[in-house]
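Let me begin by presenting the structure, written as structure tokens, before commenting on it.
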Amino acid sequence: MSSLEEDLSRAVAELQALERIVSELQNRAAALRALLSEYDGAISLLEELRNRKAGLNILIPIGGGNFLRAEIKDVEEVHVSLGAGVMIKKSLQDGYELIKKRRERISKSIKAHEETIVNYAQRMEELRRLVQALSARLAELRKARKEEK
């Protein structure tokens with residue numbers, strides 16, 4: 001294999017690897033955006049509860065687009081997930097602040113993913129141009145060799 005063919009092979013391999021990485025990053029960013037939306041809903045509800053204090057009628061999702069009507073009577077505390085099924089009780093204000101901080105971390109993570117995707121996309125474009133140039137050069141060399149014979 002010539003040096004030109006090896007360079008082409010390496011560029012194609014790197015391009016394919018970057019395409020897989022970008023796809024995975026896009027999937028992660030989409031999952032984070034969905035989580036961000038959930039946090040926005042939680043924050044919105046907690047803000048409404050802070051203003052009302054009690055007696056708020058809500059619909060609780062039970063899955064499959066189905067809901068139960070419920071009334072929130074006590075808004076003094078919120079149960080906040082720590083993950084792995086573990087919950088802690090927090091005052092409404094402390095729970096609100098904790099959820100807001102988590103939302104900000106998720107938002108920063110989304111931005112970091114998007115910046116990384118942009119950087120990889122730029123590198124992928126460079127590689128595509130390189131692959132085209134190497135392919136064209138290789139085709140020229142092969143044509144010239146054929147003509148010599």
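Give me a count of the residues in region 115-135 that are under 14 Å from residue 12 (Cβ atoms) and small (Gly, Ala, Ser).
Residues of region 115-135 that are under 14 Å from residue 12 (Cβ atoms), as a first pass: 123-124, 126-135.
Right, trim to small (Gly, Ala, Ser) and you get 133, 135.
So the count comes out to 2.
Go through (1) surrounded by fewer than 12 Cβ atoms within 10 Å (Cβ to Cβ); (2) more than 27 Å from residue 17 (Cβ to Cβ); (3) of a type outside the set (Val, Ile, Thr) one by one and return the number of the condition residue 97 breaks. Condition (1) is where residue 97 drops out. The residues of region 52-73 that are among the small types (Gly, Ala, Ser) and under 18 Å from residue 92 (Cβ atoms), listed by number, are 54, 55, 70. Is it true that some residue in region 116-138 is more than 30 Å from residue 6 (Cβ to Cβ), in a helix (DSSP H, G or I) and at pLDDT below 95? No: region 116-138 contains no residue that is more than 30 Å from residue 6 (Cβ to Cβ), in a helix (DSSP H, G or I) and at pLDDT below 95.
Pairs linking a residue in region 60-73 that is under 22 Å from residue 50 (Cβ atoms) and without any contact (Cβ under 8 Å) to a residue 12 or more places away in the chain to a residue that is part of a strand (DSSP E or B) and of a type in the set (A, V, I, L, M), with Cβ atoms under 9 Å and 6 or more positions apart or on different chains, are 60/68; 60/70; 61/68. Would you pick out the residues in region 139-149 that are in contact (Cβ under 8 Å) with a residue 12 or more places away in the chain and not in a helix (DSSP H, G or I)? Correct list: empty.
In region 20-36, the residues that are within 14 Å of residue 118 (Cα to Cα) and touching a residue at least 12 places away in the same chain (Cβ under 8 Å) reach residues that are acidic (Asp, Glu) and in a helix (DSSP H, G or I) with C-beta atoms within less than 9 angstrom, at least six apart or across chains, in these pairs: 25/114; 29/114. Return the total of residues in region 74-112 being within 18 Å of residue 35 (Cβ to Cβ) and in contact (Cβ under 8 Å) with a residue 40 or more places away in the chain. Residues in region 74-112 being within 18 Å of residue 35 (Cβ to Cβ) and in contact (Cβ under 8 Å) with a residue 40 or more places away in the chain: 10 in total. Within the set 18, 36, the sole residue that is closer than 23 Å to residue 120 by Cα and touching a helix residue (DSSP H, G or I) at 6+ places or on another chain (Cβ under 7 Å) turns out to be 18.
Applying the condition of being modelled with pLDDT under 95 and of a type in the set (Gly, Ala, Ser) to region 65-114 and asking which residue is nearest to residue 46 (Cα to Cα) yields 95.
Applying the condition of being surrounded by 15 or more Cβ atoms within 10 Å (Cβ to Cβ) and within 30 Å of residue 40 (Cα to Cα) to region 117-143 and asking which residue is nearest to the chain's Cα centre (by Cα) yields 117. Only strands (runs of 3 or more DSSP E) whose full extent lies in region 1-93 are considered here, and the ones with at least 3 residues that are surrounded by fewer than 11 Cβ atoms within 10 Å (Cβ to Cβ) are 56-63, 66-72, 77-83.
The values are calculated or read from the model by the stated rules, or taken from the named source; none is laboratory data. Being a predicted model, the structure only gives us computed values, none of them experimental. Glycine gets a Cβ as well: all are built from the backbone with ideal geometry, and neighbour counts include every protein chain shown.
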